[in-house]
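Asks: Quick one: structure below, then a few questions.
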There are 2 protein chains.
Amino acid sequence: MENYLKCIYNLYVQNDTILLTDLADYMNVKAPSVNSMIKKLAKNGWVKYEPYKPIKITVSGKRRAAEIIRKHRLTEMFLCEMLEFRWDEVHHIAEQIEHINAPEFFERIDMLLGYPKSDPHGSPIPDKYGAITAQAYKRLSDCAKGELVTLKALNRSDESLLKLLTNKNIHLGCTLTVKEIEQYDGSITLKLSDKVYIVLSKTVCDNLMVL
Amino acid sequence: MENYLKCIYNLYVQNDTILLTDLADYMNVKAPSVNSMIKKLAKNGWVKYEPYKPIKITVSGKRRAAEIIRKHRLTEMFLCEMLEFRWDEVHHIAEQIEHINAPEFFERIDMLLGYPKSDPHGSPIPDKYGAITAQAYKRLSDCAKGELVTLKALNRSDESLLKLLTNKNIHLGCTLTVKEIEQYDGSITLKLSDKVYIVLSKTVCDNLMVL
DNA sequence: ATAATAAGTTAGACATATCTAAAAATACAA
DNA sequence: TTGTATTTTTAGATATGTCTAACTTATTAT
Ligand SMILES: [Mn+2]
Ligand SMILES: [Mn+2]
Ligand SMILES: [Mn+2]
Ligand SMILES: [Mn+2]
């Protein structure tokens, strides 16, 4: 249920109402599984369900989702900061630890980390009341030629994207100058440092959030 | 399955063969639940099962149990040492985290803690191959009048026992002198420090392992 | 040795979470 | 508007882990 709710929340951020089919795709289950789970979530008051209508997350659902996302992101931060994992190694562990029911545990982790505001991928960590501070970042792919920006967060942090970025020496906080934008496919040539130039595809740049 | 196996291991330490009924009691489930679970554990080669015979844990079962116990005890140690939880607060959290499937996670915790040999209750932490170093401690209740001993471990670490000890200022490593043994009920008067004398019941002393 | 008690097993139920196949409702498009 | 495609739902199966009630086997005591 927690994984469903988290997924619903993520889809909701992109689009107010959610198609059962999309949820099934993201969860890697079939439509009937989602259909029956949604009814349970609705019973808990976390989503609004009416037959044949798209799914809507409720206020209490958002709060509940934020709790789980908070645990996930605090865990990822803990793994990177305290246990020195790389940013591409933490997600699958956090995916498990986020379900641990022990508020004091996450409170202590939070304290130990000095109350971080974002996770190792730049995503905001909800506070313990479920409030998430919106980030005013823009896509690197929306930047103009000549702009100098700082990498602040990733949109989706698939392991393969993280590895690609690591290989190219790109990390949160690094500064990028847009040198060239290819009209044909939207790929961007960036200046990373003094003599280091790299080319990133549009697909990659869509997922890099900068300021 | 992991909780069953851990429980089987704990019972095995006390008694080579295990009664299904005892396991049911410890697991807080009914006999038919144990009966069906035992068959699954047997399929995995972790226990030997023959109808109407007592349960025997196999070598591979012991190794598997030790893995889980290792995760449990490392977690408890981490909670006390790094997150500053008290020894009576850690068990229920460890009971959950022991099921996390992420060997690298526990390796890092182990490293961060400096490869501890025992948990906050003095129980030995199995190494990553499942080997447990036996402890040569004796019960405080088996000590003679006049003996001076050090508290090394607890036999069973129920939250209520831990709280009782904390209230009386007794912790691992503290030295105790046996001053008086009451013939009637086996209760013991101990000298804790210069002018601090306390009385502990036989039941408590049975669970205090000393050297 | 027999009866009583304890321990273990089976059958059948329920809850959870998943699936496939088929049916129903809705949306879209010619 | 009418047919096609998409989305959602239902029915029925499978798997896991639990339960109660009833039955069987083993142990213990007289
Ligand atoms: Mn993640
Ligand atoms: Mn998860
Ligand atoms: Mn414990
Ligand atoms: Mn457990």
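The values are calculated or read from the model by the stated rules, or taken from the named source; none is laboratory data. These numbers come from a predicted model, not from an experiment. We place every Cβ from the backbone using ideal geometry, glycine too, and count neighbours over all the protein chains shown. Note: areas computed on protein heavy atoms with side chains; ligands, DNA, RNA excluded. Shrake-Rupley method; radii C 1.70, N 1.55, O 1.52, S 1.80 Å.
Asks: Going by what's in this entry, would B:LEU83 be described as of a type outside the set (Gly, Ala, Ser), at pLDDT 95 or above and crowded, with 19+ Cβ neighbours inside 10 Å?
Replies: Spelling it out, it is not the case that B:LEU83 is of a type outside the set (Gly, Ala, Ser), at pLDDT 95 or above and crowded, with 19+ Cβ neighbours inside 10 Å.
Asks: Open to solvent by less than 10 Å² (accessible area, probe 1.4 Å) and either under 29 Å from A:GLU107 (Cβ atoms) or within 12 Å of ligand 4 (Cβ to nearest atom) (or both): does that describe B:ALA66?
Replies: The answer is no for B:ALA66.
Asks: May I pose another question? Condition first: among the hydroxyl-bearing types (Ser, Thr, Tyr) and within 16 Å of ligand 1 (Cβ to nearest atom). Now tell me which residues in region A:10-30 satisfy that.
Replies: A:TYR26, the sole residue that qualifies.
Asks: Going through region B:40-57 one residue at a time, which ones are exposed (fewer than 13 other Cβ atoms within 10 Å of the Cβ), outside any loop (DSSP other than H, G, I, E, B) and within 12 Å of DNA strand C (Cβ to nearest atom)? Working first, answer last.
Replies: Taking region B:40-57 first, the residues exposed (fewer than 13 other Cβ atoms within 10 Å of the Cβ) are B:43, B:45, B:50-53.
Restricting the remaining residues to those that are outside any loop (DSSP other than H, G, I, E, B) gives B:43.
Hits for region B:40-57: nothing passes.
Asks: Would you please name the residue that is nearest to the chain's Cα centre (by Cα), looking only at residues in region A:171-190 that are open to solvent by 60 Å² or more (accessible area, probe 1.4 Å) and farther than 17 Å from A:ASN207 by Cβ?
Replies: Of all residues in region A:171-190, those open to solvent by 60 Å² or more (accessible area, probe 1.4 Å) come to A:171, A:175, A:179-180, A:182-185.
Subsequent filtering for residues that are farther than 17 Å from A:ASN207 by Cβ retains A:175, A:179-180, A:182-184.
Details: A:THR175: 21, A:LYS179: 28, A:GLU180: 28, A:GLU182: 28, A:GLN183: 29, A:TYR184: 29 Å.
The extreme case among them is A:THR175.
Asks: If a residue has to be without any contact (Cβ under 8 Å) to a residue 24 or more places away in the chain and in a loop (DSSP other than H, G, I, E, B) to count, how many in region B:172-204 make the cut?
Replies: Adding up the residues that qualify gives 9.
Quick grid of which residues meet (1) among the aromatic types (Phe, Trp, Tyr); (2) touching a strand residue (DSSP E or B) at 6+ places or on another chain (Cβ under 9 Å):
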residue: B:ARG73; (1), (2): no, yes
residue: B:GLU107; (1), (2): no, no
residue: B:ASP127; (1), (2): no, no
residue: B:ILE132; (1), (2): no, yes
residue: B:TYR137; (1), (2): yes, yes
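Asks: Identify, please: which residue in region B:26-39 is of a type outside the set (Gly, Ala, Ser) and open to solvent by less than 60 Å² (accessible area, probe 1.4 Å) and is, among those, nearest to ligand 3 (Cβ to nearest atom)? Outline the logic, then answer.
Replies: As a first pass, look at region B:26-39 and keep what is of a type outside the set (Gly, Ala, Ser): B:26-30, B:32, B:34-35, B:37-39.
If we keep only those that are open to solvent by less than 60 Å² (accessible area, probe 1.4 Å) too, we end up with B:27, B:29, B:34-35, B:37-38.
On the way: B:MET27: 15, B:VAL29: 19, B:VAL34: 21, B:ASN35: 27, B:MET37: 21, B:ILE38: 24 Å.
This residue is B:MET27.
Asks: Can you give me the number of residues within region B:1-39 that are outside any helix (DSSP H, G or I) and small (Gly, Ala, Ser)?
Replies: Within region B:1-39, residues that are outside any helix (DSSP H, G or I) and small (Gly, Ala, Ser) number 0.
Asks: Looking at this structure, is A:LEU140 away from ligand 2 (no atom under 16 Å from the Cβ), closer than 14 Å to A:VAL204 by Cα, buried (at least 17 other Cβ atoms within 10 Å of the Cβ) and without any contact (Cβ under 8 Å) to a residue 60 or more places away in the chain?
Replies: Answer is no for this residue.
Asks: For region A:46-77, give me each residue that is within 13 Å of ligand 2 (Cβ to nearest atom) and not basic (Lys, Arg).
Replies: A:ALA65, A:GLU67, A:ILE68, A:ILE69, A:HIS72, A:THR75, A:GLU76
Asks: Which helices (runs of 4 or more DSSP H) sit wholly inside region B:58-115 and have at least 3 residues that are away from ligand 1 (no atom under 16 Å from the Cβ), over 28 Å from B:ALA42 (Cα atoms) and within 13 Å of chain A (Cβ to nearest Cβ)?
Replies: The helices (runs of 4 or more DSSP H) meeting that bar are B:59-81, B:103-112.
Asks: Of the numbered conditions (1) over 17 Å from A:SER157 (Cβ atoms); (2) within 20 Å of the chain's Cα centre (by Cα), A:ARG108 fails exactly one; give the number of that condition.
Replies: The number of the failed condition is (2).
Asks: Give the residue, chosen from B:LYS152, B:LYS145, that is closer than 25 Å to B:ASP194 by Cβ, in a loop (DSSP other than H, G, I, E, B) and without any contact (Cβ under 8 Å) to a residue 60 or more places away in the chain.
Replies: Selected residue: B:LYS145, the only one of B:LYS152, B:LYS145 that is closer than 25 Å to B:ASP194 by Cβ, in a loop (DSSP other than H, G, I, E, B) and without any contact (Cβ under 8 Å) to a residue 60 or more places away in the chain.
Asks: Among the residues that make up region A:48-70, is at least one of them at pLDDT 95 or above and closer than 27 Å to A:ILE170 by Cα?
Replies: Within region A:48-70, one or more residues are at pLDDT 95 or above and closer than 27 Å to A:ILE170 by Cα.
Asks: Can you name the number of the only condition in (1) over 21 Å from B:LEU161 (Cα atoms); (2) open to solvent by 30 Å² or more (accessible area, probe 1.4 Å); (3) not aliphatic (A, V, I, L, M) that B:ASP110 fails?
Replies: Going through (1) over 21 Å from B:LEU161 (Cα atoms); (2) open to solvent by 30 Å² or more (accessible area, probe 1.4 Å); (3) not aliphatic (A, V, I, L, M) one by one, B:ASP110 breaks only (2).
Asks: Tally time: how many residues in region A:1-23 are in contact with a Leu (Cβ under 9 Å, 6 or more places away or on another chain), open to solvent by 60 Å² or more (accessible area, probe 1.4 Å) and either away from DNA strand D (no atom under 14 Å from the Cβ) or at positive phi (or both)?
Replies: 1
Asks: Select from region A:24-37 the residues that are hydrophobic (A, V, I, L, M, F, W, C) and either more than 9 Å from DNA strand D (Cβ to nearest atom) or free of Cβ contacts under 8 Å to residues at least 24 places away in the same chain (or both) and list them in ascending order. Lay out the reasoning, then the answer.
Replies: To start, the set of residues in region A:24-37 that are hydrophobic (A, V, I, L, M, F, W, C) comprises A:24, A:27, A:29, A:31, A:34, A:37.
Listed by number, the residues that qualify are A:ALA24, A:MET27, A:VAL29, A:ALA31, A:MET37.
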